[in-house]
Every structure is written in C-alpha cells, then in structure tokens.
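Participant: Below is the structure I would like to discuss, written out as structure tokens.
Rule-based calculations on the coordinates, nothing more; no lab input. Everything quoted here is computed from the prediction, not taken from an experiment. Here Cβ is always computed from backbone atoms with ideal geometry, including for glycine, and neighbour counts include all displayed protein chains.
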Amino acid sequence: MLYYITLTSLCNQKCVYCGNTGDIDVRPINPKYTITELKRFLDEDPDIIICFYGGEPLLRLDLIKEIIDNIDASRFILQTNGLLLDRLEKAYLEKLDTILVSIDGRREITDYYRGEGSYDKVLNNIRFIRKHGFSGELIARMAVSSKTDIYLDVLHLLEMEDPRFDYVHWQLDALWDYPPYQRYMDFDLWLHNNYNQGITKLVRYWINNIIEKHYMPGIVPFLGISYSLITNKSTKLRCLSGIEAFAISTDGRILACPIAPEYSFNILGDIYKTSIKDLPNKIELDEPCYSCYYLWICGGRCLFTNKTKLWGLDGFMKVCESVKHLVNELMKYKELLLELIEQGYISVESFRYPKYPNSIEVIP
C-alpha cells in the first residue's frame, strides 16, 4: 500500500492558495516517533510504497535519507516544491521512482502563485537532478486558480524540452478553504468561460496528437479517465485515500487523507497500536456521490471535499460539473480511440495510469 510520510508541517514557500499553517495545535511540526517505530509498523506490509510529504519534505532531508536507508520499500516517491531538489545526493536520487514537482505553468503564473523566481529555480533544480542520477517519472503538479489558463499552462509544461516532464497533472483551487471563492472575482464565470473551455481545447489537442502522430501526451486526467472509458471498468476513489493509501502524521496518527489531520473522520488509528491489515476500506463516501451516474468513472473525486463541503453543497456541485464536463469531452472520442486500438496504432495499456500508486489523484 501507499503511505504518505509527513516529515514536517513547515514549508519554505507561502503560496497564495495554500492553507498549510504549520499549526502545532493540529499536529507537531516534526515527527515525534522514531524511524524504528515507523519501520516496526510498516514491516507488516509486504509491498510498501512511501511518499515523502510535507509541508516541504526536503526540509527534513535527514529523515528522507534515514527512511530510505532503513525501510525496505518497493518504491519511493517525493512530493516537493522543488526549491531544494539540488540538495539530494546522487545515491538518494537513484532510489526515487517518482518525483512530483509543484509548478503551475508559465513563468508569470507560477511566480504569481508561488513567489518571484520560483519558476526558474525549480526548472534549474530539475535539470540538476536529471544530470545527477534521477531517471524516474517526473510529474509537473499544478495548482489551478483564478490566474490560470488551463490550456496554455498545461501545454507550456507538456511541450517543454529542457527539462522535460513525463506527465502533467493539476488540482483545482476549490473546496479546501473557507470562506468560499476568496481568490476568484467570479468563480462561475471563470469555471465556464475559462476552465471548461480550456479543457475542451486541451482534449482536442490530445486527441489530434494521438490521431496524427500516434503519440499520447502525458496529461494525467485524460489518461486515467480514458482508460476507464475504453475498458468500461469502474473505479474506486482514485487517490485511494482510506482504501489503499494512508498518511502517517507527525504525531504518529494514521490518516486516510494527508491534508486533513484536524478532522475526526480522517483518523484511523496510530502506528503504535493499529494493525495495517485493519486499515483498508474503512471510510465510505457521503452523498451526493453515491447517487451520481459519474461515480463509476470519477470515483468520488476527493475524500476531503466529499466529507467537509467547505463551500456548501452548491459549491461542491459546481466543481462536480467541471468533472462531468471533462468526462463528457473525453467520452466524445471513445469510439475513435477504440478504433485506433483495434487498428494497432495505440494500445489499451498505454492509457493505464498510474501503473502503481504514486500519489496522483487523476481527477482534478
């Protein structure tokens, strides 16, 4: 199973859309357990996948090294803002299977959200790790908010040559803060006239590449959703929170979702007394997800937002409409994709992403 290990609640950035405060009343800043205690808990699982998480996990590079040196995981994943990637030594870069780097698109967009100079620093550090031992998957992980042009910003990252991202993924700046809509002049207008229209253009770009070049750009939501469409296989909650993915908080509590240590619904036990075999499938989604036709392909989108609904049911449904729009746009090309598969130009397997739990949520 996948385990998010929160190494610190501190971060070296102050992104405009982030709600992380490093509040010690919510959880300690740094782990209170030892790596020996963590290992004792994880050893019950024969196939451990570890995702280093924060805050900014590279602020605790010492713990990253200690965990890699002492815990026999099948894969190691890092979610990072990228500003400290040049501190990773070759021996540890070679042990990482996936790195997800926070970058929000074009320079002006990334720097607006994440601070002046962030874009250039992150790209320089990615070039560094590619030259010094990292050969795994590199994912651009975008946050999409009011200044984003989803079409232009995804294409910018996708078509970059140096460095080159293997995949691009994004999450909407929606439903995780209160009061609602605080970073939007008009969320409804942005969603319909900017975001949804950009998704339509982006799907056409993706399909045209498949038709004309038999090349499948690594747009994560398109891959995961299309795989479900062409195989007719229903999905669970795609982030696997509380199903096959769990987070270890700095105080040793086990959480279903790594972003919500303060919510009681999210607490499943602790590493001292809880058995791993008792963790999977403990949490059920709430309505309106179970009454929705799209559940079989969406999976519920996000456990945190399903449970909290910080923007109310009205705001929740607005974001659901964006997911339905995305699915419907891809559904238009289902028969075409099946024809290309039958003709041997592409394979069903090429749509299957992620190949292993790598902390990607798939549904924006």
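Participant: Students often get this wrong, so check it: of K65/K95; K32/K277; K213/K233, which have C-alpha atoms separated by over 21 Å?
Facilitator: As for pairs spanning more than 21 Å Cα to Cα, those are K32/K277; K213/K233.
Participant: Okay, next question. Can you give the Kirkwood hydrodynamic radius of region 1-143 from its Cα pairs, in Å with one decimal?
Facilitator: For region 1-143, inverting the mean 1/r across all distinct Cα pairs yields 15.8 Å.
Participant: Here's another thing I want to ask about it. If you find the alpha carbon centre of region 35-60 and of region 179-245, how far apart are they in angstrom?
Facilitator: Between the Cα centres of region 35-60 and region 179-245 lies a distance of 30 Å.
Participant: Shape call for region 45-90 from the C-alpha gyration tensor, a ≥ b ≥ c root eigenvalues: rounded (a/c under 1.5), prolate (a/b greater than b/c) or oblate?
Facilitator: It comes out prolate by the Cα gyration axes.
Participant: A further question on this structure: Once R0 is set to 45 Å, what does the formula 1/(1 + (r/R0)^6) return for the Cβ-Cβ distance between E284 and L152, expressed as a FRET efficiency to the nearest 0.05?
Facilitator: 0.70
Participant: What does the net charge come to around R130 if you take all other residues with beta carbon closer than 14 Å to its beta carbon, with K and R at +1 and D and E at -1?
Facilitator: Once all neighbours under 14 Å are counted, the net charge is -2.
Participant: According to a simple spin-label model (label point 7 Å from Cα along Cα-to-Cβ), what is the distance in nm between Q13 and N328?
Facilitator: Spacing of the two 7 Å Cα→Cβ label points: 3.3 nm.
Participant: Could I have the simple spin-label model distance between D62 and R40, label points 7 Å from Cα toward Cβ, reported in nm to one decimal?
Facilitator: Between D62 and R40, the label points sit 2.2 nm apart.
Participant: Under a Cβ-only charge scheme (Lys and Arg +1, Asp and Glu -1), can you give me the dipole magnitude of the chain about the Cα centre, in debye to the nearest 20?
Facilitator: Value, rounded to 20: 140 debye.
Participant: Which of the listed residues, Y272, L123, T235, is farthest toward the dipole's positive end in the chain, when Lys, Arg count +1 and Asp, Glu count -1 at the beta-carbon?
Facilitator: Selected residue: L123.
Participant: Further question: Test of the criteria: in region 49-145, which GluC sites (Glu not before Pro) are in a DSSP loop and have at most 12 other Cβ atoms within 10 angstrom of their Cβ?
Facilitator: Answer by residue number: E89, E116.
Participant: Something else: Remind me, what semi-axes does the chain give for its equivalent ellipsoid, largest first in whole Å, using sqrt of 5 times each Cα gyration tensor eigenvalue?
Facilitator: After scaling each eigenvalue by five and taking roots: 30, 24, 22 Å.
Participant: Ok, one more. Under the Cβ-under-4.7 Å rule, which cysteines of the chain stay unpaired?
Facilitator: When partners are defined as cysteine Cβ atoms under 4.7 Å apart, the chain leaves C11, C51, C239, C257, C289, C292, C298, C302, C320 without one.
Participant: Once both labels are modelled 7 Å past Cα along the beta-carbon direction, what's the N208-E108 spacing in nm?
Facilitator: The two pseudo-label positions are separated by 2.3 nm.
Participant: Pull up the cross-link candidates among the lysines for K14, meaning alpha carbon to alpha carbon under 18 Å and not fewer than 8 places away within one chain.
Facilitator: Partners within reach: K121, K147.
Participant: How much length, in nm to one decimal, is gained on full extension between K277 and K90, taken as 0.36 nm per residue of separation minus their Cα-Cα distance?
Facilitator: Full-extension gain reported as 63.8 nm.
Participant: Under the rule of at least 5 residues apart or a separate chain, name every residue whose amide H is placed under 5 Å from the amide H of R75.
Facilitator: HN-HN under 5 Å from R75: I50.
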